[in-house]
1. Of all residues in the range 51-106, how many are polar (S, T, N, Q) and crowded, with 22+ Cβ neighbours inside 10 Å?
2. Of the numbered conditions (1) in contact with a strand residue (DSSP E or B) (Cβ under 8 Å, 6 or more places away or on another chain); (2) within 28 Å of residue 146 (Cβ to Cβ); (3) among the hydrophobic types (A, V, I, L, M, F, W, C), residue 89 satisfies every one except a single condition; which is it?
3. So, of the residues in the range 111-154 that are touching a Leu at 6+ places or on another chain (Cβ under 8 Å), assigned to a loop (DSSP other than H, G, I, E, B) and in contact (Cβ under 8 Å) with a residue 40 or more places away in the chain, which turns out to be nearest to residue 187 (Cα to Cα)?
4. Among (1) modelled with pLDDT of 90 or more; (2) among the polar types (S, T, N, Q); (3) within 16 Å of the chain's Cα centre (by Cα); (4) in a loop (DSSP other than H, G, I, E, B), there is one condition residue 193 misses while meeting the rest; what is its number?
5. Whether any residue in the range 93-110 is in a loop (DSSP other than H, G, I, E, B) and in contact with a Gly (Cβ under 8 Å, 6 or more places away or on another chain) is what I want to check.
6. Given the structure, is residue 190 surrounded by fewer than 20 Cβ atoms within 10 Å (Cβ to Cβ) and either aromatic (Phe, Trp, Tyr) or in contact (Cβ under 8 Å) with a residue 12 or more places away in the chain (or both)?
7. Of all residues in the range 169-184 being part of a strand (DSSP E or B) and in contact with an Asp or Glu (Cβ under 8 Å, 6 or more places away or on another chain), which is surrounded by the fewest Cβ atoms within 10 Å (Cβ to Cβ)?
8. Hey, among 192, 196, which residue is touching a Gly at 6+ places or on another chain (Cβ under 7 Å) and farther than 18 Å from residue 21 by Cβ?
Amino acid sequence: MNDYQDFITKVHRKTGIDLSCYKEAQMKRRLTSLYEKKGFKSFQEFFNVMSTDKDLLDEFLDRMTINVSEFYRNAKRWEVLQKKIIPKLLEKNKQLKVWSAACSTGEEPYTIAMILSHFMPLSQIQILATDLDETVIARAENGIYPDRSLVEVPDDIKRKFFTKDGIFYKVNDDIKRTVTFKKHNLLADPFDNNFDLIVCRNVLIYFTEDAKEVLYRKFSAALKNGGILFVGSTEQIFNPQSFGFETEDTFFYRKV
């Protein structure tokens, strides 16, 4: 067994994270860069220290989970969600069950809440937001972001839902209350069900084809009939029917 394969086995045993489900070349390159920066010479050395050093373990998780996010990322897709997808979902159910999966630092679930606020009072909005990395969940719950995270946010939304604090913006408490953050491993943990909308964007591209197929099936099973899966701009599903989906719009898939 080579150094990286041994590392995968040990990480899985310690954390429940199965790195073999991620594209090997990308993940190996990213983690090699991290351990070399820290002065280690092998994955074995890196794991030995990481297994007892919580800060290093957190840094490993942060590097592994690619926490790059911003509000209204790829704004045209969010416009489709607001103008086409949500009105259709609300024709069937006035109260929507929504999950932001692999939510990173929280920009995505807060964006969903801001969009839903066009249709209902904030008191009626409940969004589940999950991620593997407890560090980014803590940042999401804090709700403080630099200017660059808000580049795509419409000015009226920025004024309504954020408070400027020096060079940062703070999400207002009434928006924060609409989102419940939880730790969750997409590959290993069970999914809740009866969702109207699942948003999982810019995460699946890092998984192997086999892992993606498993997740598409799990997402499909977690949705109500007629529910929508919204994926990222590089994550088009080329055979949606094999997972019980039909294409509703580009990057939106409806469970049939």
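The values are calculated or read from the model by the stated rules, or taken from the named source; none is laboratory data. Source: prediction; values computed, not measured. Ideal geometry is used to build each Cβ from the backbone, glycine not excepted, and the neighbour counts take in all protein chains shown.
1. Within the range 51-106, the first condition is being polar (S, T, N, Q), and the residues that meet it are 51-52, 65, 67, 69, 74, 82, 93, 95, 100, 104-105.
The next check asks that each one be crowded, with 22+ Cβ neighbours inside 10 Å; those that pass are 100, 104-105.
Of the residues in that region, 3 qualify.
2. Exception for residue 89: condition (2).
3. It comes out as 132.
4. Tallying (1) modelled with pLDDT of 90 or more; (2) among the polar types (S, T, N, Q); (3) within 16 Å of the chain's Cα centre (by Cα); (4) in a loop (DSSP other than H, G, I, E, B), residue 193 fails exactly one: (3).
5. Going residue by residue through the range 93-110, those that are in a loop (DSSP other than H, G, I, E, B) are 93-97, 102-106.
With in contact with a Gly (Cβ under 8 Å, 6 or more places away or on another chain) added as a condition, the list becomes 106.
Yes.
6. Details: surrounded by fewer than 20 Cβ atoms within 10 Å (Cβ to Cβ): yes; either aromatic (Phe, Trp, Tyr) or in contact (Cβ under 8 Å) with a residue 12 or more places away in the chain (or both): no.
So residue 190 does not fit the description; no.
7. To start, the set of residues in the range 169-184 that are part of a strand (DSSP E or B) comprises 169-171, 179-183.
Subset that is in contact with an Asp or Glu (Cβ under 8 Å, 6 or more places away or on another chain): 169, 181, 183.
Values: 169: 21, 181: 22, 183: 11.
Here the residue is 183.
8. Values: 192 fails: touching a Gly at 6+ places or on another chain (Cβ under 7 Å).
Criteria check complete, one pass: 196.
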